[in-house]
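The values are calculated or read from the model by the stated rules, or taken from the named source; none is laboratory data. Every value quoted in this text rests on a predicted model; they were computed, and no experiment measured them. Here the Cβ positions follow ideal geometry from the backbone for every residue, glycine too, while neighbour counts run over all protein chains shown.
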Amino acid sequence: MELAPDRAPELDLVATVALAPAALFDRVYGGIDPVVTTILTMMGMYGGRSEHPDIDLAAYLTDEALAASEVFEADCLDGITEALVPVALGGAFTADPRQTEPARSILLANDVGGTAVDGVPLYVASGTADDRVVIERVRDLFDRLCTSGQTTELQVVEGADHGSIIPATAERVTAFLETALAGDPPVDSCPA
């Protein structure tokens with residue numbers, strides 16, 4: 001959303017939906033979140049090389065993590081997760097890219113929520129039972145979005161997990177998008 005004017009200036013972005021959004025990887029929450037953030041950091045490092053080819057993955061990742069990163073070439077999220085959980089549990093980093101430059105600055109610059117996009121409302125939803133994107137992460141992202149001035153509607157779904165958030169919010173997402181396409185004022189959950 002924040003990059004839309006630069007990446008696709010020919011498009012008229014009218015709204016954005018983010019379900020169980022991955023963000024704020026400079027923070028680690030409890031439970032299995034350290035494993036999740038390690039996997040997502042590895043994904044970010046691997047994907048970020050397209051814009052930052054000077055980043056040497058070997059400066060940050062263990063040999064096992066480097067070998068396992070081949071999964072990014074041919075698999076989707078579930079396969080990537082399955083392949084990387086043992087690596088994350090065993091220690092994927094020789095130098096944590098979330099704490100070590102220049103990777104830290106690149107990862108933080110790629111994070112969302114620091115810049116409001118005027119006139120483009122955002123709908124964010126997540127479930128309280130999501131173990132991949134913990135609800136505390138979503139609430140902290142919501143606070144960041146509000147601080148930046150982003151018009152944001154937040155829906156927290158009690159008992160929803162990472163897989164059930166889509167059907168749990170489908171009706172509200174449809175209404176949100178219809179409102180935006182009609183040009184009607186959006187709901188803003190941010191405090192006044």
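Tabulated data
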{"item": "Scope region 147-192; condition outside any helix (DSSP H, G or I), touching a residue at least 60 places away in the same chain (Cβ under 8 Å) and within 22 Å of Ala129 (Cβ to Cβ); matching residues", "result": "His162"}
{"item": "Verdict on Leu84 being surrounded by fewer than 16 Cβ atoms within 10 Å (Cβ to Cβ) and touching a residue at least 12 places away in the same chain (Cβ under 8 Å)", "result": "no"}
{"item": "From the options Arg104, Arg137, Arg144, Arg98, residue that is assigned to a helix (DSSP H, G or I), under 14 Å from Arg27 (Cα atoms) and either of a type in the set (Phe, Trp, Tyr) or not assigned by TED's automatic domain parsing to the domain that holds Glu178 (or both)", "result": "Arg104"}
{"item": "Condition met for Val120 (touching a Leu at 6+ places or on another chain (Cβ under 8 Å) and either closer than 30 Å to Asp143 by Cα or part of a helix (DSSP H, G or I) (or both))", "result": "yes"}
{"item": "Residue among Arg98, Arg132 that alone is touching a His at 6+ places or on another chain (Cβ under 6 Å) and either surrounded by 13 or more Cβ atoms within 10 Å (Cβ to Cβ) or among the hydroxyl-bearing types (Ser, Thr, Tyr) (or both)", "result": "Arg132"}
{"item": "Output for region 1-28, where each listed residue is touching a helix residue (DSSP H, G or I) at 6+ places or on another chain (Cβ under 6 Å), farther than 24 Å from Ile39 by Cα and of a type in the set (Val, Ile, Thr)", "result": "Val14"}
{"item": "Lone unmet requirement of (1) closer than 30 Å to Gly119 by Cβ; (2) without any contact (Cβ under 8 Å) to a residue 40 or more places away in the chain; (3) not in a helix (DSSP H, G or I) for Leu40", "result": "(3)"}
{"item": "Residue check, Val71 part of a helix (DSSP H, G or I) and in contact (Cβ under 8 Å) with a residue 40 or more places away in the chain", "result": "no"}
{"item": "Of all residues making up region 63-117, the number that are modelled with pLDDT under 90, in contact with a Leu (Cβ under 9 Å, 6 or more places away or on another chain) and hydrophobic (A, V, I, L, M, F, W, C)", "result": "1"}
{"item": "Those residues of region 50-76 which are surrounded by fewer than 13 Cβ atoms within 10 Å (Cβ to Cβ) and either under 24 Å from Asp130 (Cα atoms) or basic (Lys, Arg) (or both), in sequence order", "result": "Cys76"}
{"item": "Asp6 more than 21 Å from Ala103 (Cα to Cα), without any contact (Cβ under 8 Å) to a residue 24 or more places away in the chain and outside any loop (DSSP other than H, G, I, E, B)", "result": "yes"}
{"item": "Selection count, region 52-111, where residues are among the hydrophobic types (A, V, I, L, M, F, W, C) and in contact with a Gly (Cβ under 7 Å, 6 or more places away or on another chain)", "result": "4"}
{"item": "Identity of the residue in region 26-49, surrounded by 17 or more Cβ atoms within 10 Å (Cβ to Cβ), under 16 Å from Asp131 (Cβ atoms) and not β-branched (Val, Ile, Thr), that ends up farthest from the chain's Cα centre (by Cα)", "result": "Asp33"}
{"item": "Among (1) surrounded by fewer than 20 Cβ atoms within 10 Å (Cβ to Cβ); (2) modelled with pLDDT under 95; (3) in contact with a Ser or Thr (Cβ under 9 Å, 6 or more places away or on another chain), the one test that Val156 misses", "result": "(2)"}
